[in-house]
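Accompanying notes for the structure given below.
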Amino acid sequence: MSLMGKFGTKCHMQQYELEDDKLVIPDIGWWAKKKYHFLENYLKIVSKAMKDKWPHRQYLDLFSGAGIARIKGTGELVMTSSLIAASVDNQFSFLHLCERDQENCIALESRLRRYSPECKFKIYQGDANDCIDQVMDGIPKRNCLAVAFVDPFGLHFDYETARKLSTRKVDLIVLLADNMDAMRNWKKYYESNPESNLDRFIGESGWRDAFNNSPTERLPEKFRLRYIEQLKKLGYQFFETTQVQNTSNRDIYTLLYATEHPLGLKFWDEARAIDEKGQRNLF
Ligand SMILES: C[S@@+](CC[C@H](N)C(=O)[O-])C[C@H]1O[C@@H](n2cnc3c(N)ncnc32)[C@H](O)[C@@H]1O
């Protein structure tokens, strides 16, 4: 049963009143609402479109969280990525959910069972880059289309993990920490360490020259473009980036969408046409 079925109403799922169930509830900034809004729209569109075409329709969440979060300042409770994915009307046939923190895993499992009891899922507790082989074992090689949502706090999604995903039909929505982590720390923490998070994330070492030869304000763009070039090597062909700002209108992160198929990009454009405040996006 999806949330819609359970409550018998057609309203937007983030408008449901969620209860504090005394399990862990991470605090998040209000700007996270944009990513949930676009993700929810996209998953609704794509799950509907996939329903009769693909016997296996999977959703992967490599940094799953606890299912519910609290907006700092207002105290509002919102569903987060995995619970959003579990609640779409045309359910995915399977959800693979990785999360390192044990308390988050316990909370996520309880909330999935409560709000989306018919959903089929597996939670992998551990580092997503270590769990990925088990996840891959659960993705059929044929007749399966998958969407992976990759939402780390920083540069914790290894290129090698992206490479493994690219061996199946997996569209990517990656939160790029281009203004949070990478841009602040590259000189201090990453430049002299050949195995830095940035090297593991981007999958090549040539970023050093490019960064050193770039004005600071152009670094986020340089970083995004280099990463896109790297994903092209894995077979991804169509990309879209959406920047998200904080209260001071400063860019804080970018949502990168990557797919092998033009139809995926059409769905993503549709999903982000109207933002969480009801404003039409101009692009
Ligand atoms: C930014 S939160 C995103 C949560 C969720 N996707 C959402 O919609 O709010 C990142 C999550 O990844 C988890 N995490 C951090 N490092 C991880 C890793 N290496 N592998 C798997 N999970 C990790 C954290 O515990 C946290 O719950």
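Annotations for the structure displayed:
- Whenever a residue of region 183-198 is hydrophobic (A, V, I, L, M, F, W, C), its partners that are exposed (fewer than 12 other Cβ atoms within 10 Å of the Cβ) and in a helix (DSSP H, G or I), lying with C-beta atoms within less than 8 angstrom and at least six residues away or across chains, give the pairs Met183/Thr216.
- Qualifying residue in region 161-172 (condition: farther than 30 Å from Val88 by Cβ, of a type outside the set (A, V, I, L, M) and in contact with a Ser or Thr (Cβ under 6 Å, 6 or more places away or on another chain)): no
- Filtering region 252-278 to residues that are modelled with pLDDT under 95, in a loop (DSSP other than H, G, I, E, B) and not small (Gly, Ala, Ser) leaves Arg272, Asp275, Glu276, Lys277.
- Any hit, region 20-39, residues being touching a helix residue (DSSP H, G or I) at 6+ places or on another chain (Cβ under 8 Å) and in a strand (DSSP E or B): no
Yes/no per residue for (1) of a type in the set (Lys, Arg); (2) more than 21 Å from Leu256 (Cα to Cα); (3) in contact with a Ser or Thr (Cβ under 8 Å, 6 or more places away or on another chain):
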| position | (1), (2), (3) |
| --- | --- |
| Ile25 | no, yes, no |
| Asp89 | no, yes, yes |
| Leu97 | no, no, yes |
| Glu109 | no, yes, no |
| Lys120 | yes, yes, yes |
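- Matching residues in region 88-112 - criterion: being touching a Lys or Arg at 6+ places or on another chain (Cβ under 9 Å), away from the ligand (no atom under 13 Å from the Cβ) and not charged (D, E, K, R): Val88, Asn90, Gln91, Phe92, Ser93, Phe94
- Long-range neighbours under 9 Å by Cβ, at least six apart or interchain, first residue free of Cβ contacts under 8 Å to residues at least 12 places away in the same chain within region 110-136, second of a type in the set (D, E, K, R): Gln134/Lys122
- Yes/no for Pro140 being at pLDDT 95 or above and more than 12 Å from the ligand (Cβ to nearest atom): yes
- For region 242-252, the criterion of being under 27 Å from Lys48 (Cβ atoms) and in contact with a helix residue (DSSP H, G or I) (Cβ under 6 Å, 6 or more places away or on another chain) is met by at least one residue.
- Verdict on Leu62 being surrounded by 21 or more Cβ atoms within 10 Å (Cβ to Cβ) and either more than 17 Å from the chain's Cα centre (by Cα) or away from the ligand (no atom under 12 Å from the Cβ) (or both): no
The values are calculated or read from the model by the stated rules, or taken from the named source; none is laboratory data. Note that this is a predicted model, so its numbers are computed, not measured. Cβ: placed from backbone, ideal geometry, glycine included. Neighbour counts: every protein chain shown.
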